[in-house]
Amino acid sequence: MRILVTYGWCRTAYIAAESLCSAGFEVYACGSTALSMVRVSRFVRGFDRVPDPFKEPEQYATEISAIVKRRNIDILLPVHEDALAIQTYRDRLPANLLIACPPRSEIVRVLDKYEIIKIAESAKVAVPKTLAPANLIEVESCAQELGFPLIIKTRRGNSGKGVFRASSLEETRSKYREIVDNFSLANNQLPILQEYAEGSVFGSCFLAKNGEVKACFVERYLRCKEGGFGTSVLREPCELPLLHDYTQKMAKALNWTGIGHFDFIVD
């Protein structure tokens, strides 16, 4: 079978390509930048440039469709949040194409950081106390309830983007308004506030089908960009059974199919 792996710039795509090739599949990849690491991988039969899925989601899906038809692709494996663009414009793609990710409604739900926190709580997974102000007036009372320092997060974002630390009420008020203005956020998209948690950062990368984890890799982040808030650039594998358990609980609660990733702070 022929598989197209998307978002070839990220490490997940490279590992997926290597694993699938080793299992005997014919692997192709795509990405929006010429610097995509899978472009020069020996595990990939071919590489195609595509538009940025965040800036041009409809055109992205259209180009993916053209690649699928030209290369006779059987399975599409999105490895990043480009899955949202793909499922939003699913009608642009061949009807018989297998796509290894959930439908659009589920992707939208899990990309909302407040929604995923509520799902985690219901699945008995430990989370920091999190509050969602309904308007700018409620920010002050929520901040005082959490105490300082605290974390301000946009409801969408990855790789540490949209995450800020505030050490006082004045800083919280100022940074919160700045985020709302800079991103032109509506009332239903207002940032959330979280208690600040101390500890080491770990990640859980997994592959699941219908809520059952088929593979899980836990890693500790040794070095990150932007003083610990950005993408990790150095990691080491480790064994933490609790994080495997949390990952399985989340996959089951989401009835997840496809690739996924969670971040954890471990005290």
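What follows draws every value from the coordinates through simple rules; no lab data is involved. As the structure is a computational prediction, the values presented were derived from the model and not from experiment. In this analysis, Cβ positions are derived from the backbone assuming ideal geometry, glycine residues included, and neighbour counts consider all displayed protein chains.
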note = Per-residue Cβ contact counts at 10 Å, fewest first, order 105, 167 as 105, 167
query = Excluding same-chain residues fewer than 8 positions from residue 55, which lysines have a Cα within less than 27 Å of its Cα?
reply = 69, 113, 153, 161, 175, 225
key: region 1-49 - Rg and Dmax from Cα coordinates, angstrom   = 9.2, 27
remark   = antiparallel share of DSSP beta bridges within the chain, to nearest 5, in %, is 70
key: Top of 102, 191, 149 by mean-square fluctuation, Gaussian network on the chain, Cα under 10 Å   = 149
query = Which label belongs to the value computed from this structure, given these candidates for Cα extents along the principal axes in Å: (i) 61, 44, 33; (ii) 57, 40, 32; (iii) 51, 46, 38?
reply = (ii)
ask   = Taking the Cα-to-Cβ direction at residue 127 and at residue 90 and moving 7 Å from each Cα, how far apart do the two end points lie in nm?
value = 2.5
query = Amide H neighbours of residue 8 under 5 Å, counting only residues 5+ apart in sequence or on other chains, H built in-plane at 1.01 Å?
reply = 30, 31, 32
request  = Compute the distance in nm between two label points, each set 7 Å from the Cα along the Cα-to-Cβ direction, one at residue 263 and one at residue 245.
outcome  = 2.4
task = Send over the Kirkwood Rh of region 212-261, from the inverse of the averaged 1/r over different Cα pairs, rounded to one decimal Å.
result = 12.3
inquiry  = Taking 0.36 nm per residue of sequence separation and subtracting the Cα-Cα distance, how much length would be gained by fully extending the chain between residue 236 and residue 70, in nm to one decimal?
reply    = 55.9 nm
remark   = So for R0 = 41 Å, FRET eff. of residue 145-residue 55 from the Cβ-Cβ r, to 0.05, ends up at 0.60
inquiry  = Using Cβ counts within 10 Å as a stand-in for footprinting exposure, how do 89, 7 rank, fewest first?
reply    = 89, 7
ask   = Beyond 22 Å, what share of the Cα-Cα pairs of region 2-101 remains, rounded to the nearest whole percent?
value = 17
message = Under 15 Å between alpha carbons, and skipping anything fewer than 8 positions from residue 124 in its own chain: which aspartates and glutamates qualify?
response = 115, 245
task = Just round it to a whole percent: the fraction of Cα-Cα distances in region 114-173 exceeding 15 Å.
result = 55
